[in-house]
Each structure stands twice: as C-alpha cells, then as structure tokens.
1. List every residue whose amide H lies under 5 Å from the amide H of residue 71, counting only residues 5 or more places away in sequence or on a different chain, with H placed 1.01 Å from N in the peptide plane.
2. Which GluC sites (Glu not before Pro) in the range 1-52 pass both tests, a DSSP loop state and at most 10 other beta-carbon atoms within 10 Å?
3. Based on the Cα atoms of the chain, what semi-axes does the equivalent ellipsoid have, where each is the square root of 5 times one gyration tensor eigenvalue, given in whole Å with the largest first?
4. With a 1.4 Å probe and every protein chain left in place, tell me how much accessible area residue 18 has, in Å² to the nearest 10.
5. Would you mind computing, in nm to one decimal, how far apart the modelled labels at residue 84 and residue 39 are, each placed 7 Å from Cα along Cα→Cβ?
6. Which of the listed residues, 41, 29, 17, is farthest toward the dipole's positive end in the chain, when Lys, Arg count +1 and Asp, Glu count -1 at the beta-carbon?
7. Using heavy-atom solvent-accessible surface (probe 1.4 Å) with all chains present, what is the largest-first order of 20, 48?
Amino acid sequence: METEAEEAVRQTIRQIVFSMAPEPPSGSHADLDLVDDLAYHSLALLEMAFALEDEFLLPPIDQESAQQIRTVGDVESYIISQLRAGRSAGQARVAE
C-alpha cells in the first residue's frame, strides 16, 4: 500500500473510532487505549468493528486478533495488514 493511501486509511479509521467512542478524545493519537482512554465497552467495540468491516469490506475479525487490539494504533495496523493481505491475494477492495 502506498504511503499516501495508507495515511488516508489511517485517517478514515481514526474518524470512525473517535466518532463512535463513548468518550471522544480531545486529540487524535494512535496510542490512545480503546477501553481506558476512549471508554469503549464490549458492545461499543463490536459496533466499531462492524463499522470498520463495512467501511473497508473486511471479513469479520477473529477472536484471537480481537484480543490483541488495545489501542487506536493497533486498529490501524490490523486493518492495514488485512488490506495488504487482500491486495496480495487479488481481493483488496478499499472503499473510496
């Protein structure tokens, strides 16, 4: 994925994550913790995951991967890695 495209994906992710956060932050930092800093609870995390899956046309996140995602940066890294994997398999479809 190109740097410019990757930055656009990161911005879209942050927009979704911060707009859905129970306690939106005053700034947008990749190191913000989803639970501790943004007050996401289990239902809000699921809703955010569904929104991101819909936005980027991703398959549902598996339980093991979900447990590793703690920060906004983790969300960004996961989605970008999924988009790269899909692209390398000839399946990437990034919503414009």
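The values are calculated or read from the model by the stated rules, or taken from the named source; none is laboratory data. Owing to the predicted nature of the structure, the values given are computational and were not obtained by experimental measurement. So basically every Cβ, Gly included, is an ideal-geometry build from the backbone, and we count neighbours across all protein chains shown. All accessible areas refer to the heavy atoms of the entire protein, side chains included, with ligands and DNA or RNA removed. Shrake-Rupley method; radii C 1.70, N 1.55, O 1.52, S 1.80 Å.
1. 34
2. Taking the range 1-52 and a limit of 10 other Cβ atoms within 10 Å, the loop GluC sites (Glu not before Pro) found are 2.
3. Working from the Cα gyration tensor, I get semi-axes of 22, 15, 11 Å.
4. Solvent-accessible area, nearest 10 Å²: 30 Å².
5. With each label point 7 Å from Cα toward Cβ, the separation is 3.5 nm.
6. Result: 17.
7. If we order 20, 48 from most to least accessible, we get 20, 48.
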